[in-house]
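Data block below; observations after.
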Amino acid sequence: METIMRILKENPGKYISGEELAKISGMTRAGIWKQIVQLRENGYQIDSSPRKGYRLMGITSSLHPLEIRESLASKVFGQVVYYQAEVDSTNRWAKSLAEKGAPEGTVVVAESQSRGRGRMGRSWASALGLGLWFSLILRPKISASNLACITILTAVVMARAIRAVTGIQIYIKWPNDLIYEERKLGGILAEISGEMDQVNYLVLGVGINVNHTGSDFPPELADRAISLRLIKEGEISRVRILQLFLQEFEQAYFSITQTGLQDVVDYAKQYSATLGKQVTINQGFGRVLSGQAVDLEQDGSLWLKEPGGELIKIFSGDLV
Ligand code: BTN
């Protein structure tokens, strides 16, 4: 598929005959047709004319690995990409790949998810071709109790990537929701395998609503969710956001041990949708806490001031 795509890309808007494609690629005409069908399923707009051949139309909006790896400046993250037009959940797929030994930095991405998963057992609406639905496999050499800082890092790096590509400033709702004017733009689902003191692998699932129009959200989300396109008109490049995210994340992730997370936590504080507010936090198992969110710690935990004035440090939970 890479060869066919490369030839079409080198000749934007120009028809290349099936015969020529067959000659350059060494494939049969039937084989080429099969690949064209597959490329179309992956979101590429390819025009075909019986007499003229095939031509690539405009700029593609596919998240195909060919697009992601093109001009990607990272060394590890995104060098291995698994892609399908539709999967049940990229997190589930990434976990099965991690179990089979997929290396750190592997990216798993899809155009749509039939059973996208959110935090706390919720589902995640993942419309075809409109969002950035991906998972990253990490093998951090830290204990499970230190993982909260990686989700904060993810939220901050994603907010920065979105700002760099679109100019839009996103806010971070603790622990790791991406928010714009009280509406949810994206979320992170981190799933680990390992023991308390030794992580085997961590799958970081990230979902960002990018090119949705209002009617692309299910009715129950219509007034709670938002996409980048609803904030700023025009189609936004999912590939560019993902590339920037991978490059910045790689740099930050590999330097955590030397540089610490001060800069990341400062950013999360500056663009926090939580600090200073009265919040209610559901910690599961029927434990619900209320109070004022007062500070963020380097390890990603939140300081909550209870009505009696007592300060408690919270490592995880769901803000309601
Ligand atoms: C949340 O509830 O806020 C977390 C949402 C995480 C959604 C992403 S989309 C890609 C990855 N695969 C999944 O099944 N979920 C995450």
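The values are calculated or read from the model by the stated rules, or taken from the named source; none is laboratory data. Being a predicted model, the structure only gives us computed values, none of them experimental. Accessible surface is based on the protein model in full, side chains and every heavy atom, while ligands, DNA and RNA are left aside. Shrake-Rupley method; radii C 1.70, N 1.55, O 1.52, S 1.80 Å.
Estimated from helices alone, the mean residue ellipticity of the chain at 222 nm is -9500 deg cm²/dmol (sum of -39500 (n - 2.57) over DSSP H runs with n ≥ 4, per residue). Relative contact order, whole percent, for segment 1-117 stands at 22, derived from Cα pairs under 8 Å and 6 or more residues apart.
Our summary gives segment 146-254 a relative contact order of 24 percent, counting only alpha carbon pairs under 8 angstrom and 6 or more residues apart.
Running a GNM on the chain with Cα contacts under 10 Å, which residue among 231, 142, 24 ends up with the highest mean-square fluctuation? Per the Cα network of the chain with a 10 Å cutoff, 24 tops the list.
Using the structure shown, list the pairs from 75/173; 23/52; 100/313; 75/313; 184/277; 23/75 with a Cα-Cα distance above 26 Å, or answer none.
Working: 75/173 30 Å; 23/52 15 Å; 100/313 37 Å; 75/313 37 Å; 184/277 17 Å; 23/75 34 Å.
Beyond 26 Å between Cα atoms: 75/173; 100/313; 75/313; 23/75.
For segment 181-320, just say rounded, prolate or oblate: build the C-alpha gyration tensor, square-root its eigenvalues into a ≥ b ≥ c, call rounded for a/c under 1.5, and beyond that prolate if a/b exceeds b/c, oblate if not.
Values: a/c = 1.72, a/b = 1.19, b/c = 1.44.
Note, shape of segment 181-320 comes out oblate.
By the gyration tensor of its Cα atoms, with a ≥ b ≥ c the square roots of the eigenvalues, what is the shape of segment 227-305: rounded for a/c under 1.5, prolate for a/b over b/c, or oblate? Oblate is the answer for segment 227-305, as a/c is 1.5 or above yet b/c matches or exceeds a/b. Among 74, 49, 114, the residue with the largest mean-square fluctuation in a Gaussian network model of the chain, with springs joining Cα atoms closer than 10 Å, is 49.
For the chain, the relative contact order is 14 percent, taking Cα pairs closer than 8 Å that sit 6 or more residues apart in sequence and dividing their mean separation by the residue count. The per residue volume of the convex hull around the alpha-carbon atoms of segment 65-188 is 128 Å³. Expressed as a whole percent, the accessible area of segment 1-125 that falls on carbon and sulfur atoms is 49 (1.4 Å probe). Heavy-atom accessible surface of residue 10, to the nearest 10 Å², is about 110 Å², with a 1.4 Å probe and all protein chains retained.
Accessible surface calculations at 1.4 Å, restricted to protein heavy atoms, place segment 12-114 at 52 Å² per residue.
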